[in-house]
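Structure first, commentary second.
The values are calculated or read from the model by the stated rules, or taken from the named source; none is laboratory data. From a predicted model like this one, the values you see are computed outputs, not experimental measurements. Glycine gets a Cβ as well: all are built from the backbone with ideal geometry, and neighbour counts include every protein chain shown.
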Amino acid sequence: MVLWQEEAYTRTDENGSPVSFEAYKERERNLRRRWKFMSKSDAQLYSITGVGFFLDSYDLFIVNLVSPIWTYEYWGGLQDKTPHYPPLLRGLVNAAANMGNIIGQLSFGYLGDIYGRRFVYGNELIIGIVGLILLISLPNSIPTATLKSAWIFCWRFVLGIGIGGDYPISAAIVAERSHLKTRGQSLGWIFSNQGWGNLTGSLITLIILACFGPALYGEGKYGQLDAVWRLQIGLALIPALATLYPRLTMPEGRKFLESRELNRPRRPESVNSRLSRRSRKSRGECVELVTSDGTGLQEEIDAARAEIEEQGRRPRLDIFFVYFSEWRHLKVLLGTAMTWFFMDVAFYGTNLNQSVILQEIGFSKGSNEYDVLKRNTIGNLIIAVAGYVPGYFVTILFIERLGRRWIQIQGFLIAGLMFGIIAGGYNHIGTGGKFVCLAFAQFFFNFGPNATTFIVPAEVFPSRVRGFAHGVSAATGKVGAILSALLFNYLSGPTILGLANVLWIFFACNILGAIITYFLIPETKWKDADVTDYEEWMEANVLGRGNGLKSREGRWNWLRGKGK
């Protein structure tokens, strides 16, 4: 079985000859799929690359369900019915994985661009597996609840590094192996594993609670909650271990190898000096260039590549600074980063604390700990089935028709509207109405910015900087998630702001996200960033139009003080 079959077209054909962008798009339009929704190789690709997002969502929402158990078990909830879990400490534990995400996203994104996807892929999953195993190995001999929380924080942080590393690498792999016609759908498929992680977490919790129900509800043996939370978290090891080997044996993709050629140290003047007569015919991507000795563009590029190989394949950080020294590129990075930030403030603020919100609006009330845990799980499950999971699949269905910008803007606006309704009518809307608004907000997060803020950075940047740019965007988003996790429980307290005013903050974040999307985010439907990057490189380094600061090499020398 071929696990990593590569079907996507690149800018050259099988013989290495240039393919015009018009021909490229025409072949994409005429593409016939073997399955209505996906081919066999698609299904294999999505299952292997999607497991990281499954783990991300599973961990996020399992912690949302496990946090009340830690409250009951370690902070006095079973003895005097009044849990004393400090809000800031609870926020730190909830945010631990997101803190680790930042390190994983930046480091693995950078390493994946410099050394290749194959070099790093699978290693992030090993880190996540180690974090999971040590997390559920929390020794009961640790004397205090604070020290136990420190253990949980530490290994959730390590787990977060592994999960974070999966974001840029899996996104880049799928984007580089997908057809232009279905690239958005492909990225949507792997990201939809977040929905399955959420749903699976709720279902597993219900099953485990049912198994332990007689002891917990009938006999009041709440000490068995210790086994409940370890099972809830530990079952995530099954999909992680199942996909580890295919990740470690993944071959490098053609598109990344071609794009990385533009990273190599080069002396453009050695090429330009041989060009005395230029004749340029441009159609899409294909450019014909004839030199004085009768050689064409392909011969010049081959000569340049040979020169590049002689200079070695040493890693270079400056490629990122040079690429983003142009405002047209930097503003897009700012757009993808800021929209992800504002989305995560509202999204993670809601989802990391959904159990708290359900309790505040009156849904999770119960006569004992078992009833509270069960109703909390049922509430999360209903929201997942009614809003969270369907949103992903509506995105997959319409993303190639409506485009990314439209979906992102309308998702921001409608999710913001739902938060505004709950906040504005907090004392007048019943529990059912608030619950419905919360479910709609989850739907339009996923048929909206939660999906598209992941998809757009994987499409809008060329392969040679895609991993790091995606990592920067995702890491900026996680900063917003951390702020929400740390401050939500504190600010939502009745003596500070209260839940209604915190929801107004989420409303404002959604409106700002829509505005930034409108002004800074381009539409990536039917756009190939590698084609655009290749054309820019041709103008700057081969066609002789890149003298001085117009050349990427010239800009980097100027930044280092070596240019005129």
Single condition Thr339 does not satisfy, out of (1) buried (at least 22 other Cβ atoms within 10 Å of the Cβ); (2) modelled with pLDDT under 70; (3) more than 30 Å from Gln232 (Cβ to Cβ): (2)
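Residue-by-condition table, conditions (1) farther than 21 Å from Thr524 by Cβ; (2) within 24 Å of the chain's Cα centre (by Cα); (3) in contact (Cβ under 8 Å) with a residue 12 or more places away in the chain:
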| site | (1), (2), (3) |
| --- | --- |
| Leu138 | yes, no, yes |
| Ser149 | yes, no, yes |
| Ala172 | no, yes, yes |
| Lys181 | no, yes, yes |
| Ser202 | yes, yes, yes |
Pairs, first assigned by TED's automatic domain parsing to the domain that holds Thr243 in the range 47-65, second hydrophobic (A, V, I, L, M, F, W, C) and modelled with pLDDT under 80, C-beta under 8 Å, six or more apart: Ile48/Leu3; Leu60/Leu352; Phe61/Ala384; Val63/Leu352; Asn64/Leu352; Leu65/Leu373
Lone qualifier among Asn450, Asn501 - being assigned by TED's automatic domain parsing to the domain that holds Leu413 and crowded, with 23+ Cβ neighbours inside 10 Å: Asn450
Qualifying residue in the range 394-415 (condition: in a helix (DSSP H, G or I), buried (at least 23 other Cβ atoms within 10 Å of the Cβ) and over 19 Å from the mean Cα position of the chain (by Cα)): yes
Cβ-Cβ under 6 Å pairs, at least 6 apart or on other chains, the range 228-244 side surrounded by fewer than 16 Cβ atoms within 10 Å (Cβ to Cβ), far side part of a helix (DSSP H, G or I) and at pLDDT 90 or above: Leu237/Leu132
Residue within the range 477-486 that is over 17 Å from the mean Cα position of the chain (by Cα) and farther than 27 Å from Ile190 by Cα present: yes
Condition broken by Glu124, with the remaining ones in (1) buried (at least 20 other Cβ atoms within 10 Å of the Cβ); (2) touching a Leu at 6+ places or on another chain (Cβ under 8 Å); (3) under 27 Å from Pro251 (Cβ atoms) satisfied: (2)
Unique residue being over 19 Å from Ile407 (Cα atoms) and either among the small types (Gly, Ala, Ser) or not in a loop (DSSP other than H, G, I, E, B) (or both) when the list is Leu487, Leu512: Leu487
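Okay, residues lined up against (1) in the same structural domain as Glu400 (by TED's automatic domain parsing); (2) assigned to a helix (DSSP H, G or I); (3) modelled with pLDDT of 80 or more:
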position	(1), (2), (3)
Trp4	no, no, no
Glu28	no, yes, no
Arg33	no, no, no
Tyr85	yes, no, no
Ala95	yes, yes, yes
Leu106	yes, yes, yes
Residue, farthest from Glu252 (Cα to Cα), within the range 151-162, restricted to residues that are in contact (Cβ under 8 Å) with a residue 24 or more places away in the chain and of a type outside the set (A, V, I, L, M): Phe153
Qualifying residues in the range 483-498 (those that are surrounded by 19 or more Cβ atoms within 10 Å (Cβ to Cβ) and touching a Phe, Trp or Tyr at 6+ places or on another chain (Cβ under 8 Å)) - the one modelled with the highest pLDDT: Ser484
Test set (1) crowded, with 21+ Cβ neighbours inside 10 Å; (2) within 24 Å of Ala469 (Cβ to Cβ) - Trp155 fails condition number: (2)
Checking Arg247 against (1) of a type in the set (Lys, Arg); (2) farther than 26 Å from Val130 by Cα; (3) at pLDDT 85 or above, the condition it does not meet: (2)
Restricting the range 57-80 to residues that are modelled with pLDDT of 80 or more and among the acidic types (Asp, Glu), the residue that is surrounded by the fewest Cβ atoms within 10 Å (Cβ to Cβ): Glu73
Residue under evaluation His428, criteria (1) more than 30 Å from Thr71 (Cα to Cα); (2) in a helix (DSSP H, G or I), criterion not met: (2)
One residue from Gly164, Gly213 being small (Gly, Ala, Ser) and within 14 Å of the chain's Cα centre (by Cα): Gly164
